[in-house]
Amino acid sequence: MSVSEELRPAGKTDPKGIINKFWQGWPWTEIGVLAFYVGLAIITTWPMILNFTTSVPDGSIEDRYQNLWNFWWIDRALSHFQNPFQTDMLFFPYFSGGATTTLPLYLHALQLFNGLAMLPLTKLLGVAAAYNGLIIFSFSLSGFGAFLLGRHITRNFWAGLLTGVLYGFSSLHFAHIQTSITNIMSIQWLPFYALMLLLWHEQRKLKWAGWAAVFLAISAYTDYYNTFYIIFYTGFFYLVTSFPRNWLKQLIGPVVAVGGGLLLSAFIIIPAAFELNGKFYFAQLDQERDLRASYNLMDIFGLARLESFLIWLGLLGGVLLLIVAKEWRKIILSWYLLYFGCIIFSLGPRLQINRTDLTNVPLPYALIKLIPGASVTRAPNRFDIPEQLAFAILVAIFVAFLGQQLTKLPQLNPYKSYMSGILGGGLALLYLLAVNPVPLDMVRVQPSNFVSKLPKTGNYAVLELPITRHYNFDHERMLNQIFYQQPIMGGYLSRPVYDPYRETDSPFLYFADQRYFPEGAFGDPAKDIYSANNGYAMLDNVMKLYNFQYVAIYKDDYHTDKERKAVRNLLDKQLGQSALVYEDEHNLLYKTPSSLSQTPGVFLGDGWYGVEQNGDGNYRWMKQQANIYLTVSQPSQVKLSLSAQAFGGDRQVKISSGNKVLFEGLVTPATRTIDFKLETTSGTQTIRLESLSPAQTARETGLGDDTRPLAFLIRNLVIGVGG
């Protein structure tokens, strides 16, 4: 008899009792067990319940704020009859809806199911209550699902109860609180799914495979990682149950479970698949990222951590069980293989001895990168989730088996109904004492102080400086947005998003660069080829173009005091010192005055080399083609002037905007001043400079060793308004 022929202890039957009890009438035992796990969740997360509506457990601040935002956004989207997976509240004005587009969130860990489950708490008590409620929800259901699975496998109530403690209240689950990753925390659907698939295998009733599909779909609307582990488990289950025969017969249940689950989750799965190759997200990550999130041999076998000791216990104890527990051997082997396999996958794509000693030995996880869709996974060590479930089942089998053996002793026979309970309860207590982090540190959910000065109603935007590199840099701004509820200029999403503010045609490019070039002070024309104080005009125009009624400065996000002083000097001169409405050690807040100057802003786009300097001042070489961009807040006539010198001999230059030629003429190696006018509309205008003959290098013309293709030297760019 192979392991596939029996996935529960030999001789144990279930005459429509334990299997169906939960699905008929009022299962008071199960209700009591669920209540037990709810109570245990409250105790092991103490004092969270005392701060339920105001504070959340301390941990990774970036993911904590992101997940609080998720609860807020789902509530807002549904309240405004919007698709929650499309937001117009991030990366303003580029994804602000209307004539542009909205930002898709299908690859973001939005956790729609979690948001819907916690929606009553979000509406009635706020996002802190939703966050805390989700922790209790996840821990309780994880324990309960594992209990149902463990009890069904062992036919032992106490062993099942221990399974729920070891899985639902494991050290890895508590670690998810500390890392604030509520999507990965939602590990509860795997044991429910595994139970449904096992019931299908035993009874051959498609309703169980259908329920498995439902749990897979719920997982898909919660977290991609846990969904992947469910599919991974399905493949493992199929191999175990079909070996060495029955390949086709055993395929029905897994196909219905996975196919039905993917069909039910098509609303998110299909758009997410398109987004993998879309233009918004950088979904593919290099192997280095995988290696950083992989376990190494010292992590697993070094005995420096409790988790390492438990891995040794699981591996050696499982072998011992296989030897002595003949009646349980088939089920032990199936879960032991899963346990061992998950350990191997958690080591990542290449074997690492420790954090600094990387070998060239390839590992099975590398194959995952070849699977479409699964290639976006980036944390091999999260295979410890199915690994922990397998460990819990193995320990539960040990308790059930040992309880059976002890009752065979004559002196213990009167206590046979208590033996498994005593063993299981003792192990559960020891485990909780070892891994539980109570009391948790709690932090209040509150915005930056300047938010109290912003209106909670109306239609406006806040220009937040500096413009960050996004990803996890924008977490604080997302928290603030929850309270003032207007679009923001960034967003910390689960996958890096392309940066529209640093595109060459972006009117925000001037401000976006300041954060990362500490020597380039705001509004300093000596740093480039402009002859006017361009920084003031850029600020003026973007504020009027996009209805920025406030400017918020995040002081801590600047590199140096020089940068902080430069941006403050810019705002004091442009808006006036009276526009400052709030200041503390972390933030400044300015209110936009009703009237601003009408000077166009100018910035350079593609086709330019860096700023250089000679005795006549700053200059830039341009390639054969180059762009200049203007920002204009209202239709006007703009005058432009620049000085040009041709490289390598006389050249014809053409200057155009759209299909209109603004200037065309001869430029020689001697300096020539070029003047032209442009009728503009509000927004960003493109001016294109083009050499009508190919650019040349200094090496080609015998003028030096410079290999850059050069066309014109440009300096003294001046802009003005009017005739």
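Miscellaneous remarks
- Top-ranked residue of the stretch 701-723 - restricted to ones that are without any contact (Cβ under 8 Å) to a residue 12 or more places away in the chain and not hydroxyl-bearing (Ser, Thr, Tyr), ranked as surrounded by the most Cβ atoms within 10 Å (Cβ to Cβ): Asp706
- Subset of the stretch 473-492 (residues that are part of a loop (DSSP other than H, G, I, E, B) and over 12 Å from Leu90 (Cα atoms)): none
- Filtered residues of the stretch 310-323 (kept if touching a residue at least 60 places away in the same chain (Cβ under 8 Å) and surrounded by fewer than 20 Cβ atoms within 10 Å (Cβ to Cβ)): Gly317
- Inside the stretch 650-682, residues that are within 23 Å of Leu703 (Cβ to Cβ) and either touching a residue at least 24 places away in the same chain (Cβ under 8 Å) or surrounded by 14 or more Cβ atoms within 10 Å (Cβ to Cβ) (or both) make up a count of 8.
- Residues located in the stretch 498-530, provided they are at pLDDT 80 or above, under 19 Å from Gln574 (Cβ atoms), among the hydrophobic types (A, V, I, L, M, F, W, C) and assigned to a loop (DSSP other than H, G, I, E, B): Phe508
- The single condition among (1) of a type outside the set (Val, Ile, Thr); (2) in a loop (DSSP other than H, G, I, E, B); (3) at pLDDT 85 or above that Arg495 does not satisfy is (3).
- Residue that is modelled with pLDDT of 95 or more, aromatic (Phe, Trp, Tyr) and surrounded by fewer than 23 Cβ atoms within 10 Å (Cβ to Cβ), where the choices are Tyr225, Tyr221: Tyr221
- All positions within the stretch 414-466 that are open to solvent by less than 50 Å² (accessible area, probe 1.4 Å), aromatic (Phe, Trp, Tyr) and over 30 Å from the mean Cα position of the chain (by Cα): Tyr431
- Applying the condition of being touching a residue at least 60 places away in the same chain (Cβ under 8 Å) and basic (Lys, Arg) to the stretch 267-309 and asking which residue is most open to solvent (accessible area, probe 1.4 Å) yields Lys279.
- Tabulated pairs, the stretch 251-266, first in contact (Cβ under 8 Å) with a residue 12 or more places away in the chain and assigned to a helix (DSSP H, G or I), second surrounded by fewer than 18 Cβ atoms within 10 Å (Cβ to Cβ) and among the hydroxyl-bearing types (Ser, Thr, Tyr), C-beta under 8 angstrom, 6+ apart or interchain: Leu251/Ser242
- Positions within the stretch 295-311 being hydrophobic (A, V, I, L, M, F, W, C) and more than 19 Å from Leu427 (Cβ to Cβ), in sequence order: Leu297, Met298, Ile300, Phe301, Leu303, Ala304
- Scanning the stretch 200-233 for residues that are more than 33 Å from the chain's Cα centre (by Cα), in a helix (DSSP H, G or I) and free of Cβ contacts under 8 Å to residues at least 24 places away in the same chain yields a count of 1.
- Hits in the stretch 578-605 - residues which are at pLDDT below 90 and exposed (fewer than 15 other Cβ atoms within 10 Å of the Cβ): Pro593, Ser594, Ser595, Ser597
- Filter pass, Gln188 being touching a Pro at 6+ places or on another chain (Cβ under 9 Å) and under 24 Å from Asn436 (Cα atoms): no
- Here Ser138 clears all of (1) of a type outside the set (A, V, I, L, M); (2) open to solvent by 10 Å² or more (accessible area, probe 1.4 Å); (3) closer than 18 Å to Met185 by Cα except the condition numbered (2).
- Any hit, the stretch 84-105, residues being open to solvent by 10 Å² or more (accessible area, probe 1.4 Å) and assigned to a helix (DSSP H, G or I): no
The values are calculated or read from the model by the stated rules, or taken from the named source; none is laboratory data. Because the structure is predicted, anything quoted here is derived from the model rather than measured. Neighbour counts run over all protein chains shown; Cβ positions are idealised from the backbone, glycine included. The area values use the complete protein model at the heavy-atom level, side chains included, leaving out ligands, DNA and RNA. Shrake-Rupley method; radii C 1.70, N 1.55, O 1.52, S 1.80 Å.
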